[in-house]
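Working notes, structure below.
The values are calculated or read from the model by the stated rules, or taken from the named source; none is laboratory data. Source: prediction; values computed, not measured. Cβ placement follows ideal geometry from the backbone for every residue including glycine, while neighbour counts extend to all protein chains displayed. Each accessible area value is taken on the protein alone, full model and side chains, heavy atoms only, with ligands, DNA and RNA left out. Shrake-Rupley method; radii C 1.70, N 1.55, O 1.52, S 1.80 Å.
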Amino acid sequence: MTTLPLRDVELLLAEYNIGAWTPTASERSLAESLAFSGLSPSSLRAGLRQAPPGRLSDVLAPVTAAMETTAVIPSEELRPLRRLLDAVAPPP
């Protein structure tokens, strides 16, 4: 059972994949930073503090809040979030 609100994460990834949403340079930078720093509540909260307003921040905020109140999050539950960040982060 999913404890994280990932529906909006999955929808945003789908919009990105079909070209309906294009992240800004700042959103790409945020995604890259989070992809490298790991997906912990503290890294997400720190990223959001510096994040520009936008769709990426909008979908990350509820996930971050849920992660802060969830004791254990199975790794597989974070896959949609990892896929979104990997897709949005600028290529190496």
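Stokes-Einstein diffusion for segment 14-92 at 20 °C, viscosity 1.002 mPa s, with a Kirkwood radius from C-alpha pairs, works out to 168 µm²/s.
Computed from backbone phi with θ = phi - 60° and the Karplus coefficients 6.51, -1.76 and 1.60, the 3J(HN,Hα) list for segment 69-77 is 10, 9, 5, 10, 10, x, 4, 5, 6 Hz; x is used for glycine and proline.
So how far, in whole Å, is the C-alpha centre of segment 1-66 from the one of segment 76-92? Value for the Cα centre distance between the two parts: 9 Å.
Here the spin labels are modelled as points 7 Å beyond Cα on the Cα-Cβ line, and at Ala20 and Ser37 they lie 3.0 nm apart. Compute the Cα gyration tensor for segment 1-40, then decide on rounded, prolate or oblate, letting a ≥ b ≥ c be the square roots of its eigenvalues: rounded whenever a/c is under 1.5, prolate when a/b is larger than b/c in the other cases, and oblate in all that remain. Taking the square roots of the gyration eigenvalues as a ≥ b ≥ c, segment 1-40 is oblate.
I'd like to check one number: the per residue accessible area of the chain, probe 1.4 Å, reported in Å² as a whole number. Walk me through the intermediate numbers first.
Working: 5320 Å² over 92 residues.
Spelled out: the 1.4 Å probe surface of the chain, per residue, equals 58 Å².
Leaving ligands, DNA and RNA out of it, report the carbon-plus-sulfur percent of the accessible area of the chain at a 1.4 Å probe.
On the way: 2910 of 5320 Å².
The C+S portion of the solvent-accessible surface of the chain is 55 percent.
For segment 13-29, 3J(HN,Hα) computed residue by residue from phi via the Karplus equation (6.51, -1.76, 1.60; θ = phi - 60°) reads 4, 4, 5, 4, 5, 9, x, 7, 9, 10, x, 6, 4, 5, 5, 5, 5 Hz, glycine and proline entered as x.
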